[in-house]
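Everything below concerns the one structure shown next.
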Amino acid sequence: MYGVEPLKYDVNALEPYIDGRTIDIHYNKHYLNYLKKLNALLKEENYDFRYSLEELVNHIDIFNLKNRDDILYNLGGVLNHGLYFDNMSPKASRSPVGKLKQAIDNQYGSFETFKQKFIEKANKLAGSGYTFLVIDKQKLKIINFPNQDTPYEYGMIPIMTIDLWEHSYYLKYQNNRALYIDNFFNIVDFDTISRNYEKNI
Ligand code: MN
């Protein structure tokens, strides 16, 4: 079985920007459900867990055709939520450090410009999905994907994400998704994101 990525802070720790009830339901119900469903499908396939979650994205063809879509969908749900919960923290650098700082300055001019572009992109997503910062052919890219699509399907490595499904914010923000997106930058964990970059560049 693939294991759960532990939540590294208390459910209330991101208040006032994300309320404890939202994190509790999102992590304990939504995220864990993706993991449960994925493990159940893999059990049905007698899968031997030879790949990491990230590698498995590009080996879906080892499974029976009838299960492939479900496996990929739930695998995306596990990977995307794992990154999302891990790239927030009550206490962390709120701007990039080290090599990621250099890369963002080189590519976007400044962190402020990058942040503006990320927020613009997130506000453009229609329906359910995520905005990601990915590494694509050694370059950074801000990109939206719908539903539980994962950048790994397209050869990109996600290092930062915001979940834009309504369950991420609706209890507190209702229709004000733009404010949830702005506030994400008050709880974003750039120590972790910068490490994700250095591990994969
Ligand atoms: Mn979610």
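The values are calculated or read from the model by the stated rules, or taken from the named source; none is laboratory data. Being a predicted model, the structure only gives us computed values, none of them experimental. Note that we place each Cβ from the backbone using ideal geometry, even for glycine, and neighbour counts take in every protein chain shown.
Report whether or not Phe114 is aromatic (Phe, Trp, Tyr) and surrounded by fewer than 14 Cβ atoms within 10 Å (Cβ to Cβ). Give the derivation first.
Values: aromatic (Phe, Trp, Tyr): yes; surrounded by fewer than 14 Cβ atoms within 10 Å (Cβ to Cβ): no.
For Phe114, the condition - aromatic (Phe, Trp, Tyr) and surrounded by fewer than 14 Cβ atoms within 10 Å (Cβ to Cβ) - is not met.
Name the single residue, out of those in the range 174-186 being within 14 Å of the ligand (Cβ to nearest atom) and buried (at least 19 other Cβ atoms within 10 Å of the Cβ), that is farthest from the chain's Cα centre (by Cα).
So the first thing to find is which residues in the range 174-186 are within 14 Å of the ligand (Cβ to nearest atom), and the list is 177, 180, 184.
Of the ones still in play, those that are also buried (at least 19 other Cβ atoms within 10 Å of the Cβ) are 180, 184.
Values: Tyr180: 15, Phe184: 13 Å.
If we take residues in the range 174-186 being within 14 Å of the ligand (Cβ to nearest atom) and buried (at least 19 other Cβ atoms within 10 Å of the Cβ), then Tyr180 is farthest from the chain's Cα centre (by Cα).
For the range 58-65, state whether one or more residues are assigned to a helix (DSSP H, G or I), buried (at least 19 other Cβ atoms within 10 Å of the Cβ), more than 13 Å from the ligand (Cβ to nearest atom) and of a type in the set (A, V, I, L, M, F, W, C). Give the steps one after another, and end with the answer.
Let us first name the residues in the range 58-65 that are assigned to a helix (DSSP H, G or I), namely 58-62, 65.
Now drop any that are not buried (at least 19 other Cβ atoms within 10 Å of the Cβ), which leaves none.
Looking for residues that are assigned to a helix (DSSP H, G or I), buried (at least 19 other Cβ atoms within 10 Å of the Cβ), more than 13 Å from the ligand (Cβ to nearest atom) and of a type in the set (A, V, I, L, M, F, W, C), one finds none in the range 58-65, hence no.
Over 14 Å from the mean Cα position of the chain (by Cα) and crowded, with 20+ Cβ neighbours inside 10 Å, is that true of Phe190? Quick ask: steps written out before the conclusion?
Numbers: over 14 Å from the mean Cα position of the chain (by Cα): no; crowded, with 20+ Cβ neighbours inside 10 Å: yes.
Against the criterion (over 14 Å from the mean Cα position of the chain (by Cα) and crowded, with 20+ Cβ neighbours inside 10 Å), Phe190 does not qualify.
Scanning for something in a helix (DSSP H, G or I), of a type in the set (Lys, Arg), touching a helix residue (DSSP H, G or I) at 6+ places or on another chain (Cβ under 8 Å) and away from the ligand (no atom under 16 Å from the Cβ), does the range 66-77 turn up at least one residue?
Initial filter on the range 66-77 (in a helix (DSSP H, G or I)): 66-77.
After this cut, where a residue has to be of a type in the set (Lys, Arg) as well, the list is 66, 68.
Within this subset, residues satisfying the condition of being touching a helix residue (DSSP H, G or I) at 6+ places or on another chain (Cβ under 8 Å) are 68.
Filter once more, keeping what is away from the ligand (no atom under 16 Å from the Cβ): 68.
For the range 66-77, residues in a helix (DSSP H, G or I), of a type in the set (Lys, Arg), touching a helix residue (DSSP H, G or I) at 6+ places or on another chain (Cβ under 8 Å) and away from the ligand (no atom under 16 Å from the Cβ): present.
Can you report the number of residues in the range 118-170 which are closer than 20 Å to Val97 by Cβ and within 16 Å of the ligand (Cβ to nearest atom)?
Count: 5.
Output the qualifying pairs, or none if there are none: Cβ atoms under 6 angstrom, residues six or more apart or on different chains, first residue in the range 4-30 and assigned to a loop (DSSP other than H, G, I, E, B), second residue surrounded by fewer than 16 Cβ atoms within 10 Å (Cβ to Cβ).
Final answer for the pair search is Tyr9/Pro90; Val11/Gly20; Val11/Asp24; Asn12/Gly20; Ala13/Pro90; Tyr17/Asn186.
Return the pair list, or none, for Cβ contacts closer than 7 Å from residues in the range 140-169 that are free of Cβ contacts under 8 Å to residues at least 24 places away in the same chain and of a type in the set (Phe, Trp, Tyr) to residues that are within 15 Å of the ligand (Cβ to nearest atom) and in a strand (DSSP E or B), at least 6 apart or on different chains.
Pairs that qualify, where the first residue is free of Cβ contacts under 8 Å to residues at least 24 places away in the same chain and of a type in the set (Phe, Trp, Tyr) and the partner is within 15 Å of the ligand (Cβ to nearest atom) and in a strand (DSSP E or B), are Phe145/Gly129; Phe145/Tyr130; Phe145/Phe132.
Using the structure shown, decide if Leu100 is surrounded by 15 or more Cβ atoms within 10 Å (Cβ to Cβ), closer than 25 Å to Val4 by Cα and among the aliphatic types (A, V, I, L, M). Can you show your working first?
Numbers: surrounded by 15 or more Cβ atoms within 10 Å (Cβ to Cβ): yes; closer than 25 Å to Val4 by Cα: no; among the aliphatic types (A, V, I, L, M): yes.
Taking the combined requirement at face value, the residue does not satisfy it.
Answer with yes or no whether Glu44 is crowded, with 17+ Cβ neighbours inside 10 Å and acidic (Asp, Glu).
Working: crowded, with 17+ Cβ neighbours inside 10 Å: no; acidic (Asp, Glu): yes.
For Glu44, the condition - crowded, with 17+ Cβ neighbours inside 10 Å and acidic (Asp, Glu) - is not met.
Among Glu166, Glu153, Glu120, which is the only one that is within 14 Å of Phe185 (Cα to Cα) and at pLDDT 95 or above? Reasoning before the result, please.
Values: Glu166 fails: within 14 Å of Phe185 (Cα to Cα); Glu153 fails: within 14 Å of Phe185 (Cα to Cα).
Only one candidate passes the filter, namely Glu120.
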